[in-house]
1. Note down the net charge around B:ARG137, summing +1 for each Lys or Arg and -1 for each Asp or Glu among other residues with Cβ under 13 Å from its Cβ.
2. Whole-Hz ³J(HN,Hα) for each residue in the stretch A:141-156, computed from phi via Karplus 6.51 cos²θ - 1.76 cosθ + 1.60 with θ = phi - 60°, x for glycine and proline: what do you get?
3. Taking H as built 1.01 Å from N, whose amide H comes closer than 5 Å to the amide H of A:GLY133, not counting residues under 5 places away?
4. Averaged over its residues, how many other protein chain Cβ atoms are within 10 Å of peptide A:141-149's Cβ atoms?
5. Determine, from the Cβ-Cβ distance of A:GLN118 and B:ARG141 and an R0 of 25 Å, the FRET efficiency 1/(1 + (r/R0)^6), rounded to the nearest 0.05.
6. Based only on other Cβ atoms within 10 Å, what is the fewest-to-most ordering of B:TYR364, B:TYR376, B:TYR201, B:TYR52?
7. Modelling each spin label as a point 7 Å along the Cα-to-Cβ direction, I'd like the B:ALA442/A:ARG15 distance in nm, to one decimal.
8. Computed over the Cα atoms of chain B, what is the ratio Rg over Rh, Rh following Kirkwood?
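Here, each number is a calculation from the coordinates, and none is a lab measurement. Bear in mind that the values here come from a model prediction, so they are computed numbers and not experimental data. Cβ coordinates were reconstructed from backbone atoms using ideal geometry, including for glycine residues, and neighbour counts include every protein chain displayed.
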Amino acid sequence: MSNDTVTLDVREDIRSGREPFSKIMAAVAGLKATQDLRLIAPFEPVPLFGILSQQGFSHRSSPTSAGDFEVVFFRTPAGTMSADPKMKGGSTPAAAGHAVCSGAPVIEVDARGLEPPQPLVKVLEALTNLPQGARLLARTDRRPMHLYAQIEERGFKGESEEQADGSFVTYVEHR
Amino acid sequence: MTPGAFGAFSPHAPNIVLPLRFVVTGLLALFSGVIWLIVRPDILATYHYNQYVIAVTHLFVLGWISTIVMGAMYQLVPVALETKLYSERLARWQFIFHLIGFVGMVWMFWTWNLKQVGHFGSVLTVGVALFVYNIIRTLLRVPRWNFVATGVASALSWLSLAVLAGLAIAAGKCSYDSESALLQAAPVSALVHFLKSVAGYVAHFDAISAMHAHAHLGSVGVFLMLIVGMSYKLLPMFTLSEVQNPRRARASIWLLNVGLLASFLAVLFRSPLKFISSLLIVAGLVVYGLEILAILRARKRRALDWGLRYFLTALSLLVPLSFLAVLLAWPGLPLNVFTGQLENLYGFLAFVGVVSFAIVGMLYKIIPFLVWYRSYSSKIGLAKVPSLADLYSPGLQVAGYWSWLSGLVTTSLGIILSQAMVARVGCSLFLLSLIVLAVNVAKMLSHLAKPRVEPLLQVPKRASEFQRPQPEIIPSRS
């Protein structure tokens, strides 16, 4: 696969204390189907690997001679996606249905099986990195009562839906 | 597209300053109560029908337990039942009535001025009415009724009855000499006339039976009922488990309700059915215990933190408490110095061993969360925020646990043996435990005044990076 590559250098952002995630996620959202993303950062951006793998990206990470890290994110070939255990929830009919219907990328966060307030932390962290136009699908064991005010405060809107097993799915997107 | 039916975004928990106000007031009352017992340990070492015991008991049950329980309910009921508190304003008003009411009541019990107890009790009752109304209106919004809601509703009913019974007992101990001097038409005359007829009715019962009946409405109907009802929600939440058998959970609540109604009447009328009715309550607790064990067995989080250990230890103290209850309800049990002290032990074990210890355990879950939510929830994802456990010292928490338990054992011995000095040593251990708790609570609250956040990403500081000019390639194509 000899794809186009979009390069994004976030070293200066990080050095000057700016949060590079929204920039990265915006770049990801802007990628065409055939494009890869080359990210240059002063350290290996491990948290990003999980987030982008949920969007169907694999990565190759290598240190550069200057002591930085260069990571290439490329789309995981179809059929190998379920290799990542985090993708299991994402491939359920409900999630797939929403992704198809809304036409927007869906980032899924499974916050079930966590002790409060970890579900809140997990969902809000994912929300911080939510690109414009994308929607977040959060799975929780209980109705996320403490999430709602935070969502509103951060300029998002969303809805919760109880599932047959008693758990909840909450959809969040930018207002 | 719209994802089906859902509860929108209107429900949320109230502002945390409201519950924290109740929590801090409750802790101050607990401190005063324990210091009071160290100064006057004879209160525990002598039979409990005197003004000092009654004053201290009301400081514990109204100042400490009820204050905390009400504050926690304003926070927990909406969250547990997935709705919104009806009115935060009513709750703030209740706090004022409650504070004036219980402080005045305790003071007037101490000086044994029952007329003023009635007046301050009425102020407290206004607060309780606001509380009951507020929670009922909140319950009416519950999207799906369940046994937790039944437990809360039951507790509200018993609370109303307990307060009314208390007021009636106070009215029964007043004299109404001034009645003839009042104008017949004045509204106050009608009120005094009403109180006098209540007093006439209360006089049919013996004073100690009426007091015991009133005490059980509060302790079993309100405190135990809420512990049982709320634990079906909180224990699964904190141990990552689920209620295993909803029918069993429902049965425990109804057995408690029926058992308490029977016990209340049996105690009040000095009926030999007291024994059978106490067994009904114990049966409710056995069913409750089975469900709690099932919830714990099914938990996904194996480790139990110390907050939960406090709570579960308190629940396990229901076992000796139940034996004591059945023993004291035994038909024909003679009242002598020893059995009188067993009654003291029964009350002490119930309020300090079970209810207070369970509350302290839950406070270790609730206060860190409230503070953390207030100080850090808006910063999640934007900065590195501490975890709940970072807000207090686990070492102090363990020290608080063991000093409380040793205080409980020592004080219990002092009560059984009628030894005031032993009770004083025990209460000093309680004070130690409370000081430890206060330090931990202060640690938690300090995060309100001064939140501690760190930047999300640590920038590697390498000299080479600062010297090298950075090319701007954002985003560019290669």
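1. Details: positive: B:LYS84, B:ARG89, B:ARG141; negative: B:GLU88.
Summing Lys and Arg as +1 and Asp and Glu as -1 gives +2.
2. 6, 10, 4, x, 4, 8, 7, 4, 4, 5, 4, 4, 4, 8, x, 10
3. For A:GLY133, whose amide H was placed from the backbone, the distant partners under 5 Å are A:HIS174.
4. Values: counts 5, 6, 8, 0, 11, 6, 3, 8, 7.
Per residue, the number of nearby Cβ atoms from other chains is 6 on average.
5. On the way: r = 28 Å, r/R0 = 1.11.
Efficiency at R0 = 25 Å is approximately 0.35.
6. On the way: B:TYR364 29, B:TYR376 22, B:TYR201 12, B:TYR52 16.
Ranked by crowding around the Cβ, least crowded first: B:TYR201, B:TYR52, B:TYR376, B:TYR364.
7. Placing both labels 7 Å beyond Cα along the Cβ direction yields 4.6 nm.
8. Details: Rg = 25.3 Å, Rh = 24.3 Å.
Value, to two decimals: 1.04.
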